[in-house]
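So the structure is just underneath, and the comments pick up after that.
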Amino acid sequence: MKKYFAILLAFWVSAAYGQNWARQYDHVNDFHNGLAVVEKDGKHGFVNENGKLVIPLKFEESLGFNEGLAAVRLNYKWGFIDTLGNEVIPCTYQEVFSFNEGLAIVEKNEKYGFINKEGKMKVPVSFDYAENFTEGLAAVSNDKGLWGFINPEGRMVIGFQYSYAKSFSGGEAKVMKGGKWMYINKENKVLREE
């Protein structure tokens, strides 16, 4: 019985300590790549799992780490830092999304494209909107509001024909055409309708 209470006490002390460091921040996100976004007085930084501030509170906004990089905003522009806080992709974009399958969506001049982890443009900023790459394809829309899918080289795999398209998951993507939702495979074959 004493052993049970000792374990319970150790857990409680550990939980109380964890909550103690978190109280100094206005907001604490979940941990990704061993770091969590924290916010205080409108500034964002990152803490390690012990609650130690390892990347200073200096960003206007930030996203959690994904694939080793985190999106951060400085002077109203977005870029990416590594887990040491080094800027690896300069803050020059209007909007960015986290990396997925080695590429991140970026926005410039109200058009979207994709960069790699070195900051090189892999798919030019030419789309009206884009979803992250999943299963080797990304849903993108054109200036007519139609959606299709591209591969990581930017080649159109499924042409612009849908009024909306979601990312692939489990080999299928949910798309809308003619006011009807349906699921397609990567060969653009209709699997089923909703």
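Quick note: the coordinates plus some simple rules give every number you see, no bench work behind them. Note that this is a predicted model, so its numbers are computed, not measured. With ideal geometry, Cβ positions are generated from the backbone for all residues, glycine too; neighbour counts draw on all protein chains shown.
Using C-alpha pairs below 8 Å separated by at least 6 residues, the relative contact order for the chain is 8 percent. Mind checking which lysines have their C-alpha under 22 Å from Lys40, skipping anything on the same chain fewer than 8 residues away? Leaving aside lysines fewer than 8 places away in the same chain, those within reach of Lys40 are Lys52, Lys58, Lys77.
Nearest 10 degrees is fine. How inclined is helix 2-22 to the longest principal axis of the chain, computing both from alpha carbons? Orientation of helix 2-22: about 60 degrees from the principal axis. Shape analysis of the chain yields a ratio of the Cα radius of gyration to the Kirkwood radius, Rg/Rh, of 1.11.
Here is the list for the stretch 48-132: trypsin sites (Lys or Arg not before Pro) lying in DSSP coil, each with at most 13 other C-beta atoms within 10 angstrom of its C-beta, are Lys52, Lys120. Computed from phi, the 3J(HN,Hα) profile of the stretch 76-90 under the Karplus parametrisation 6.51, -1.76, 1.60 (θ = phi - 60°) reads 6, 10, 9, x, 9, 10, 8, 5, 9, x, 6, 6, 9, 10, x Hz, with x in place of Gly and Pro. In a reduced charge model with +1 at each Lys and Arg Cβ and -1 at each Asp and Glu Cβ, the stretch 58-194 shows a dipole moment near 320 debye about its Cα centre. The label point for Trp21 and the one for Val190, both projected 7 Å from the Cα toward the Cβ, are 5.5 nm apart.
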